[in-house]
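Visitor: My questions all concern the structure below.
The values are calculated or read from the model by the stated rules, or taken from the named source; none is laboratory data. Model, not experiment: these values are computed from the prediction. Positions of Cβ are generated from backbone atoms using ideal geometry, with glycine treated the same way; all protein chains shown enter the neighbour counts.
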Amino acid sequence: MLRLFLRAYPKRFRERHAEDLLRLCRDVYGVGFSPRAAADLFWNGMKERLGAAPRDFGEWLERPARQGRGERALATLLHDARYGIRALIASRGFTAAILLTLTLGIGANTAIFSVIDAVLLRPLPYAHGHRMVHLLQPLQRGRVENAGFSPLEVKDYREQTRALDAVVEYHQMQFTLLGGAEAQRVSTAVVSANFFDAFGVRPLLGRTFVADDDVQGAAPVLVLTYEYWQRAYRGDPEVMGKTFTMNDKVDQVVGVLAPMPQYPGVNDVFMPSVACPFRNGPRWSQTRTARGLTVFGRLRSGATLATAQKDLAQIAERLHTAYPDAYPKSEGFLTTAASLRDELTRGARPTLIVLLATTLFLLVIVCANVANLTMARLVRREKEMAVRTALGATRLRLLQLLLTENLILAIAGGVLGVLVASWGLDALAAFAARFTTRASEIRLDGRVLLFALGLSLFTGTLLGCLPALPARANLAADLKEGAGATAHRARLRARSALIVSQVAVSFALLIGAGLMLRSLLNLQSVDAGFDVENVLTARVDLNWSRSGRPEQIRTFGDGLLDRIRVEPGVISAALTGSVPLNDTNPFGVEFQIEGAPPSDGPRPRADLETATPDLFQTMGVPLLAGRAFTAMDRDPAPPVAIVNQSFARHFFPGEDALGKRIKVVGATNWVQIVGVVADVKQHGLEREPGNELYAPFAIQPFLDLRLIVRSRAPAADVERMVRGTIKEMDPQQPVTEVRTLAQVRADNLASPRLTALLLGAFAILAIFITAAGIAGVIAYSVSQRTQEIGIRLALGAAPSSLLAMVVRQGMALVGLGLALGILGGLAISRVMSGLVFGIAAHDPVTYVAGAAVLAGVGAVACLVPARRIAEVDPMIALRSA
Amino acid sequence: MLNMSILDSSTPPLKPAELFVLAALHAAPLHGYGLVQEVATRSQGRIRIRPGNLYRVLDRLLERGLIDVHERASAGDERRTYYRITSLGRRTAQAEAKLLAGVIGELLAI
């Protein structure tokens, strides 16, 4: 057995040392086969071979007679390669055309594969990623995907679960970091001490949390994320042990995390759960329904997602029986789990699959085009092949020669393709980052290179064999001048079939791009419900430990608006809790409607929002009925609310919502609806607006404020003014996320726009390649039929009618391709149904427009080479017969 | 200055494994397994030449004439080849050792 591996050494070496070497292997590795011995022999044998290669090669070249099958094959290969390269250099135009198409095809596929590999295929970069699950508590009847968990519930599930060996919690909060030149807002993940151990995440520096960090009275500690460490401290290891003044506490940095995708939110630092006074306060920690935590679990070894789901359902049932008040039957509480891996990639999957399908289609076109070009070239080399056959070359030998040439081309195309891919990868990664946090893992690594190599070898082999398939006409005919009509016809048929397939695939790609474009146009014309011009927004997170009491927030808010309003250029200013088109979780509340009959259905639910009197005017949201808030809407006046149109339509169908009274669960007062405003797209242009309930800022102040300013001044000036005013009021108050509403809207359109752009670019590329293919085939057909055309002209045919004949033939191919392309289009529409907005996936307009574009391009591609007919001189054409 | 007569520029310097093998053969001729053990002892267990590599080293040393085959002894039914250092091998090893000693001396002086 080991002798086999011994063959890795050059022959000369084996002759000298084989016996001694095997004997020594037995002494060192023991009798019998050992993988280590095999690896040793193979590895060192290859090294010896490489070291001896230059010398051996020289000797080998000089040897007159070549012995051995392997050596002969190698010699043939080298000969073919040398010949192939010379031939490829000789026909530079052909080589360049093929290399260009291969480069684009392999490049696009490599780039998309690198994204798909990183996002969908590779295991999560946490050591226990494959065992992590996200615990969900959906309300089946209340149609809530995940109500979250309360600290009491976390404790119960942790103690009772048998399928999970760790249950960890997470929630996010904002801290104000003091001590720098400007106060900074720091997004903080507040997690259980064993959070990192559960995920299997090791720190880059220092340590993560231990149980002692997470007890009341422990010294406050924090761990930096890699990104924050790089951004704020330029990766300085000296940050370890430094102290941060966060709100009112001084925390010590005990560790820095390695780079990893952040889920469910992107944060700057991590703190143990004890750091959050709200979570540990009596209201949250002792109330079973105070659900605000995100919970993850780690599957015990041997447990599956299904067993975990069953286990959680059993615990849930026990809890529902023990605490019926906390789990009203009307809501349909459930507890289940989803694999973390699916959750991390769910957003990206549809887009990536469409992109993969697109690039694979593109590869089909590329292969068809290269095959077409190769066949055109073979025509010119027919005589060469015939001579070779006459001299005794077998068919296999000729195939080998062509295969070598094509493999050289394909590998060169692959190398260039990888360059193209690496060039476009950053842009692609930025694009993917809009859908998944795993985009940070995208890179060109060994796996991707292996994929590119495999793809090159595959296309090279395919293309080397494909053109050789049409049966050879007889040898004598090929050797004679200008003969072989049958062979030409066979080849023309094959090339026509390739054209049909190219048109079909281009059509499918064009449909994909068209659907995306129409969907984008639809999104662009969506009325988001607000006026984007001249409005600036800024996020102002108040320091909750210093000014978290309602009257403090009110004082700050009123003072801020008073100062901003009098600034030059400012038309109006307002405060609210969120900017439209954001993807943050709304503040959901349940409420009851006065006089509504009791029902066993889920309670009415709405998203609570805070608003100062000028909010709707500032945002340009039309007031449809009733009135806006006024400065009078504060204690002790009776509490009032404003609702959006969806709310009114949903809860008061066919009635006037004005004057109706509702009571939020947990509140004491009935609140009267005094106004109805138009719907605003709070969560994205493509999402339907929810039921919004606006409360006056004076009564319902939020800590996490958004300042909205409408001004005649340029945005940059307004930003400077806003920052200056807030700094003047409180130098320790950070201001973040300063954007105009126009930017917010453009950002919301960025991913569909990029998707449309990518698909469009691929489609244009496909059409371009296809048009070149059509032109090539028509030109070939015309050149083969010069005699026929000459005869027809001599007999009095008008050149225009001959032109029409040729174009008709070309267009027949295009037509056939379009008919077949509808099938491809249907396939691509199916994949895209989740991505399009406002149109059916089988949108007929897109299909017709796509067909028209392709038919037009096809006609031009036929006409250009067909014009050569006019240049045919009948006399010359006839004489050459 | 060191005596560099043997180490002219056309002779490639000895690799550590080669130097260890020459040193091991300094005392007495050895066969392959003996060499592996001797090198391990001399390097206090830090260098364990793999069989696959040992014969590459021996092959190079043979080619350069630094060692030669001493005898092919039979032990039971197995034949073992013993290698022995040549006088050229001794001189080369010594010159290399002196060169290294100079460098090491400098390093240790720091």
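Visitor: Being in contact with a strand residue (DSSP E or B) (Cβ under 9 Å, 6 or more places away or on another chain) and of a type in the set (S, T, Y) is the filter; apply it to segment A:698-752 and report the residue that is nearest to A:I571 (Cα to Cα).
Guide: A:S711
Visitor: Give the residue, chosen from A:L615, A:L658, that is at pLDDT 90 or above and more than 21 Å from A:I564 (Cβ to Cβ).
Guide: A:L658
Visitor: Scan segment B:40-49 for residues that are within 12 Å of chain A (Cβ to nearest Cβ), more than 20 Å from A:L50 (Cα to Cα) and touching a helix residue (DSSP H, G or I) at 6+ places or on another chain (Cβ under 9 Å) and jot them down.
Guide: B:R48
Visitor: Let me spell it out: the conditions are (1) within 24 Å of A:I353 (Cβ to Cβ); (2) modelled with pLDDT under 85; (3) part of a helix (DSSP H, G or I), and A:S501 meets all of them except one. Which number is the exception?
Guide: Checking A:S501 against (1) within 24 Å of A:I353 (Cβ to Cβ); (2) modelled with pLDDT under 85; (3) part of a helix (DSSP H, G or I), the one that fails is (2).
Visitor: How many residues does segment A:146-183 hold that are in a loop (DSSP other than H, G, I, E, B) and touching a residue at least 24 places away in the same chain (Cβ under 8 Å)? Before the answer, list the steps.
Guide: Our first condition is that a residue be in a loop (DSSP other than H, G, I, E, B); within segment A:146-183, this holds for A:146-148, A:150, A:161-163, A:179-183.
With touching a residue at least 24 places away in the same chain (Cβ under 8 Å) added as a condition, the list becomes A:147-148, A:150, A:161-163, A:179, A:182-183.
Count: 9.
Visitor: Let me ask another. Identify, by number, the condition in (1) closer than 30 Å to A:M516 by Cβ; (2) in a helix (DSSP H, G or I) that A:G724 doesn't meet.
Guide: With respect to (1) closer than 30 Å to A:M516 by Cβ; (2) in a helix (DSSP H, G or I), A:G724 is out only on (1).
Visitor: Let me ask something additional. Tally up the residues in segment A:581-602 that are of a type outside the set (G, A, S) and in contact with a helix residue (DSSP H, G or I) (Cβ under 7 Å, 6 or more places away or on another chain), please. Give the steps one after another, and end with the answer.
Guide: Step one: list which residues in segment A:581-602 are of a type outside the set (G, A, S), which gives A:581-587, A:589-594, A:597-598, A:600, A:602.
Filter once more, so that each one left must be in contact with a helix residue (DSSP H, G or I) (Cβ under 7 Å, 6 or more places away or on another chain): A:581, A:593, A:600, A:602.
Selection size over segment A:581-602: 4.
Visitor: If A:A750 satisfies all but one of (1) more than 25 Å from the chain's Cα centre (by Cα); (2) among the aliphatic types (A, V, I, L, M); (3) under 30 Å from A:S711 (Cα atoms), what's the number of the condition it fails?
Guide: A:A750 satisfies all of (1) more than 25 Å from the chain's Cα centre (by Cα); (2) among the aliphatic types (A, V, I, L, M); (3) under 30 Å from A:S711 (Cα atoms) except (1).
Visitor: A follow-up question, please. Out of A:D27, A:D40, which single residue is in a helix (DSSP H, G or I), within 10 Å of chain B (Cβ to nearest Cβ), under 47 Å from the mean Cα position of the chain (by Cα) and of a type outside the set (A, V, I, L, M, F, W, C)? Write out each step before concluding.
Guide: Numbers: A:D27 fails: under 47 Å from the mean Cα position of the chain (by Cα).
So the residue among A:D27, A:D40 that is in a helix (DSSP H, G or I), within 10 Å of chain B (Cβ to nearest Cβ), under 47 Å from the mean Cα position of the chain (by Cα) and of a type outside the set (A, V, I, L, M, F, W, C) is A:D40.
Visitor: Would you say A:E533 is more than 30 Å from A:I828 (Cβ to Cβ), outside the structural domain of A:L693 (by TED's automatic domain parsing), modelled with pLDDT of 85 or more and in a loop (DSSP other than H, G, I, E, B)? Lay out the reasoning, then the answer.
Guide: Working: more than 30 Å from A:I828 (Cβ to Cβ): yes; outside the structural domain of A:L693 (by TED's automatic domain parsing): yes; modelled with pLDDT of 85 or more: yes; in a loop (DSSP other than H, G, I, E, B): yes.
When the stated conditions are applied, A:E533 passes them.
Visitor: Yes or no: A:D635 without any contact (Cβ under 8 Å) to a residue 40 or more places away in the chain, in a loop (DSSP other than H, G, I, E, B) and acidic (D, E)? Write out each step before concluding.
Guide: Values: without any contact (Cβ under 8 Å) to a residue 40 or more places away in the chain: no; in a loop (DSSP other than H, G, I, E, B): yes; acidic (D, E): yes.
Criteria not met by A:D635.
Visitor: Starting from residues that are at pLDDT 85 or above and touching a Lys or Arg at 6+ places or on another chain (Cβ under 7 Å), keep the ones in segment B:67-89 and report whichever is nearest to the other protein chains (Cβ to nearest Cβ).
Guide: So, considering only residues that are at pLDDT 85 or above and touching a Lys or Arg at 6+ places or on another chain (Cβ under 7 Å), the one nearest to the other protein chains (Cβ to nearest Cβ) is B:T81.
Visitor: Still on this model: Are any residues in segment A:233-282 acidic (D, E) and in contact with a strand residue (DSSP E or B) (Cβ under 8 Å, 6 or more places away or on another chain), and if so, which ones?
Guide: Correct list: A:D251, A:D268.
Visitor: Does B:L61 satisfy being at pLDDT 90 or above, surrounded by 13 or more Cβ atoms within 10 Å (Cβ to Cβ), more than 9 Å from chain A (Cβ to nearest Cβ) and closer than 22 Å to A:K47 by Cα?
Guide: Here the answer is yes, as B:L61 does meet what is asked.
Visitor: Kindly indicate whether A:T610 is modelled with pLDDT of 90 or more and not in a loop (DSSP other than H, G, I, E, B).
Guide: Yes; evaluated as a whole, the condition is true for this residue.
Matching residues to (1) modelled with pLDDT of 85 or more; (2) under 28 Å from A:R36 (Cα atoms); (3) more than 9 Å from chain A (Cβ to nearest Cβ):
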site: B:V21; (1), (2), (3): yes, yes, yes
site: B:A28; (1), (2), (3): yes, no, yes
site: B:G32; (1), (2), (3): yes, yes, no
site: B:V36; (1), (2), (3): yes, yes, no
site: B:P51; (1), (2), (3): yes, yes, no
site: B:V57; (1), (2), (3): yes, yes, yes
site: B:R91; (1), (2), (3): yes, no, yes
site: B:L100; (1), (2), (3): yes, no, yes
site: B:I110; (1), (2), (3): no, no, yes
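Visitor: Output the residue which, of all residues in segment A:368-393 that are under 50 Å from the mean Cα position of the chain (by Cα) and not aliphatic (A, V, I, L, M), is nearest to A:A73 (Cα to Cα).
Guide: A:E384
Visitor: Of A:T110, A:T161, A:T101, which residue is hydroxyl-bearing (S, T, Y), more than 25 Å from A:Y263 (Cβ to Cβ) and over 23 Å from the mean Cα position of the chain (by Cα)?
Guide: Values: A:T110 fails: over 23 Å from the mean Cα position of the chain (by Cα); A:T161 fails: more than 25 Å from A:Y263 (Cβ to Cβ).
Among A:T110, A:T161, A:T101, only A:T101 is hydroxyl-bearing (S, T, Y), more than 25 Å from A:Y263 (Cβ to Cβ) and over 23 Å from the mean Cα position of the chain (by Cα).
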